[in-house]
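The values are calculated or read from the model by the stated rules, or taken from the named source; none is laboratory data. Here the structure is a predicted model, which means the values were calculated and not measured. Note that we place each Cβ from the backbone using ideal geometry, even for glycine, and neighbour counts take in every protein chain shown.
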Amino acid sequence: MVLGAAAIFISFATLVRAQDAPPPKVTIGFVDIDGDPRHEPIRAYERMILKAREHPFVGAKVAIDEAQALSRALKIDFALERITVKSADAIAAAVMQAREKGNIRFFVVDAPADAFRPLAQAMKGRDVLLFNATAADDALRRELCSREVVHTLPSLAMTTDGLVQHLVSRKWRDILVLQGPEPADAAMTRAFEASAKKFGARIVGKRDFKPGTDPRERDQNNPLLLTTLNRDYDVVFIADDAFDFARALPYRTQRARPVIGAIDLEPVAWHWTYERHGAPQLNSRFQRAASGRRMESQDWAAWIAVKMVVQAALRTGSADFAKLRGFILAGNGFDGYKGLAVSVRPWDQQLRQAVFLATPNAVIASAPIDGFLHRVNTLDTLGDDEPETPCKLNR
Amino acid sequence: MPVDRRSLCLAALAIVLVIAPAAANNTGLIFVSNEKSNNLIVLDPKTHKVVKDIKTSRRPRDMHFSADRSQLYVACGDDDVIEVIDMAKLEVVRRIPTGNSPETFAIDERRRRIYIANEESSTLATIDIDKGIIVHEVPTAGEPEGVLLSEDGRIIYVTSEVGNLVHMVDTEGGHVINDVVVGTRPRRFAVTPDRKELWVTAELSGEVYIIDREKFVVSGKIEFLPPGMRKSDVTPVGLVMTADGKTAFVTLGHAAHVAVVDVPTRRITGYILVGKRPWGITLTRDERTLYVANGLGDDVTIIDVKSRKALQSVPVGRVPWGVIIDD
């Protein structure tokens, strides 16, 4: 009887304590840079915006909103905190502070490739996981090769591999390459050349273009001259990050050939017209949250980053950083709303995923294209496969 | 909940109708909803010729008969309505407004209610059938999909594709009373005839989860892999069970097969090749024939259950979603 009373007392006490303790909370930081030039709109004239290029914060927000309904079932709270810094140099300190003061361990990082080098250095060996949602540079996956970084945006190599797979599957093997003056254009061209070599497409001509109207440079700024070649080609690939030249190239070529790359058929992580795998629902959730803006690749990369953390909590039933990190990096599949489950490659921590080949109004194909096979996972026909990469994480 | 004399009468009537299948039309007509051509294609059960093309609102998906089979309800996702089709005339006679993007639903004739999952607004709505208005909405986790009403009408189960959950909703109180975590992107339900187990397809993880209804916990799961297919192509969505509770048939989406499962042992006993991306699946009342809607093949595969062979494919509308048979 006495024992029974004691037992009741103890269980009651535990009950009170359980009710008092707030549920564990997982907070995800979203770090971006005020005035990041990559997010400046591309304009034709002041009020003619060609590309809005907004920060992908809404993508992360949609994912955290989706998580709210899970909080009840999981008894774990989820929150998103936006941390905007003044310059790329300030990111490492801001992340460190959020880690110490705000107990934040997961960060979606919206910063250019250059910002990742000091950041990865400062975070080396620490208990944080940074999601690269906006920098496609292959160097981050190859040379930087950081254990603290997961890349949710497809690498350049993945996108150009997807594009070339489509060309080869159509037997459009002969390609004229036009490269713009920006470093980003050079990187894109390098990736495209590597993809062409990998899948057996031929680059039959390569020219540098220079936007302008100077008649002395007309061989570099005239679409007709740039696309006149003493042999035929199937498509024109253009690398033009600034977009202004590419937008006026289609229908101005010397031969009646499609233009791809920076315009018309673009390899993307996400597209607003994708109709399968639940994509319309995600697109409409995003559009509602973003006052009508359409979801783009970087938004998707931010969305899936947050979703991976939430799913890790759901599957492990835990809010513990080490467990969540372990789950995310263990190659587990996540629902990315684009068919084949997405998962993290152990060797360079790039998220393996489908790449859409999209025109402005339709997803024409989803790479990996049928017929491109891989011994393990066809998604690994896109980008750096294990034997190819210099990055050997998690070995 | 206040109960007036009229609803009691209706309830009594509904019970009579439920236990009197003689009221069925027994036409054997096969109805296929087509998401992109916005119509129901009606097939003759013997010749499988199209006997009627019923125009509906946009994106017709889930369909259910009224208990007396005088009416067919069809949820039209892009126009936010449930349309009521008169079975004698084979035309739309009424429209009941729903929430945003209705997909699947369940009818409780006794209480004169429809429970419907609204994919876009992430709610389970309760609609008063007679008044044609939403009387209650329960917030769910993202993208609610499959709904299933318990035999006594007190509980409704709802899957959430985003949440990877099955919610258990109290229909009287109008709130979620429990959740259980299942596989990735849970879609549709079936109940074992002994009422003990709830089977749920998990599209992206390629499994069927089995939930013990009394304890409301996962008590098992079945993974599918037809020979020669990739695991990632196995995307189960539709499922149906025989009345003796021995056999279940599960459509495997991109794997283009129907899996045959021995229910008591939970073992897969075979795979039947069908068309492109099968989702909806229905058994005839005599359980001799299966009809499978191939969403990306614009056709329906007809399967002989005994020999487990596909007999024929019949073209229907664009993106067929589900099949229901008036037998």
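Tabulated data
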item: Among (1) touching a Lys or Arg at 6+ places or on another chain (Cβ under 7 Å); (2) farther than 19 Å from B:LEU239 by Cβ, the one test that B:HIS175 misses; result: (1)
item: Residue match in the range A:58-69 (condition: surrounded by fewer than 18 Cβ atoms within 10 Å (Cβ to Cβ) and free of Cβ contacts under 8 Å to residues at least 60 places away in the same chain); result: yes
item: Every residue from the range A:307-324 that is at the interface with another protein chain (Cβ under 10 Å from one of its Cβ atoms) and of a type in the set (A, V, I, L, M); result: A:VAL310, A:LEU314
item: The range A:248-280, residues that are farther than 30 Å from A:GLY336 by Cα and in a helix (DSSP H, G or I); result: A:ALA248
item: Of all residues in the range B:177-195 being of a type in the set (A, V, I, L, M) and within 16 Å of the chain's Cα centre (by Cα), the one that is surrounded by the most Cβ atoms within 10 Å (Cβ to Cβ); result: B:ALA190
item: One residue from A:ILE203, A:ILE175 being in a strand (DSSP E or B), surrounded by 24 or more Cβ atoms within 10 Å (Cβ to Cβ) and among the β-branched types (Val, Ile, Thr); result: A:ILE175
item: Selection count where residues are touching a Ser or Thr at 6+ places or on another chain (Cβ under 9 Å) and of a type in the set (Gly, Ala, Ser), scope the range B:239-273; result: 5
item: The range A:271-320: number of residues that are among the charged types (D, E, K, R) and within 22 Å of B:THR235 (Cβ to Cβ); result: 5
item: Matching option when the condition is among the aromatic types (Phe, Trp, Tyr), out of contact with any Asp or Glu (no Cβ under 8 Å at 6 or more places or on another chain) and assigned to a loop (DSSP other than H, G, I, E, B), among A:PHE192, A:PHE237, A:PHE243; result: A:PHE243
item: Checklist (1) within 30 Å of A:HIS374 (Cβ to Cβ); (2) in contact with a Gly (Cβ under 9 Å, 6 or more places away or on another chain); (3) not charged (D, E, K, R) applied to B:THR301, failing item; result: (1)
item: Criterion (at the interface with chain A (Cβ under 10 Å from one of its Cβ atoms), surrounded by fewer than 20 Cβ atoms within 10 Å (Cβ to Cβ) and among the basic types (Lys, Arg)) met by exactly one of B:LYS246, B:LYS231; result: B:LYS231
item: Residues of the range B:269-283 that turn out to be in a loop (DSSP other than H, G, I, E, B) and more than 14 Å from every other protein chain (Cβ to nearest Cβ), as a count; result: 2
item: Top-ranked residue of the range A:273-293 - restricted to ones that are closer than 30 Å to A:ASP234 by Cα and within 14 Å of another protein chain (Cβ to nearest Cβ), ranked as surrounded by the most Cβ atoms within 10 Å (Cβ to Cβ); result: A:ARG276
item: Residue ranges of strands (runs of 3 or more DSSP E) in the range B:182-268 with at least 2 members under 22 Å from B:GLU151 (Cα atoms) and in contact (Cβ under 8 Å) with a residue 12 or more places away in the chain; result: B:186-191, B:197-202, B:207-212, B:217-223, B:239-241, B:247-251
item: Options B:ASP286, B:ASP327: the member that is modelled with pLDDT under 95 and outside any strand (DSSP E or B); result: B:ASP327
item: Subset of the range B:74-103 [within 14 Å of chain A (Cβ to nearest Cβ) and in contact (Cβ under 8 Å) with a residue 60 or more places away in the chain]; result: none
item: Total residues in the range A:226-241, condition surrounded by fewer than 16 Cβ atoms within 10 Å (Cβ to Cβ) and not basic (Lys, Arg); result: 4
item: Single unsatisfied condition, B:GLU83 versus (1) more than 18 Å from the chain's Cα centre (by Cα); (2) over 16 Å from B:GLU145 (Cα atoms); (3) of a type outside the set (Phe, Trp, Tyr); result: (1)
item: Test: B:GLU223 is within 14 Å of chain A (Cβ to nearest Cβ) and surrounded by 18 or more Cβ atoms within 10 Å (Cβ to Cβ); result: no
item: In the range A:17-34, the residues that are free of Cβ contacts under 8 Å to residues at least 40 places away in the same chain and either within 30 Å of A:ALA184 (Cβ to Cβ) or not polar (S, T, N, Q) (or both); result: A:ARG17, A:ALA18, A:ASP20, A:ALA21
item: Single unsatisfied condition, A:TRP270 versus (1) within 21 Å of A:ARG190 (Cα to Cα); (2) crowded, with 20+ Cβ neighbours inside 10 Å; (3) not hydroxyl-bearing (Ser, Thr, Tyr); result: (1)
item: Residues (within 14 Å of another protein chain (Cβ to nearest Cβ), assigned to a loop (DSSP other than H, G, I, E, B) and of a type in the set (Phe, Trp, Tyr)) located in the range A:325-356; result: A:TYR337
item: Residue tally, condition in contact (Cβ under 8 Å) with a residue 24 or more places away in the chain and touching a strand residue (DSSP E or B) at 6+ places or on another chain (Cβ under 7 Å), over the range B:151-163; result: 7
item: Qualifying positions in the range B:112-165 - of a type in the set (D, E, K, R), within 11 Å of another protein chain (Cβ to nearest Cβ) and outside any strand (DSSP E or B); result: B:GLU119, B:GLU120, B:GLU143, B:GLU161
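Yes/no per residue for (1) in contact (Cβ under 8 Å) with a residue 24 or more places away in the chain; (2) in contact with a strand residue (DSSP E or B) (Cβ under 8 Å, 6 or more places away or on another chain); (3) surrounded by fewer than 19 Cβ atoms within 10 Å (Cβ to Cβ):
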residue	(1), (2), (3)
A:MET295	yes, no, no
A:TRP303	yes, no, no
A:ALA312	no, no, no
A:THR316	no, no, yes
A:ARG325	yes, yes, no
A:ILE328	yes, yes, no
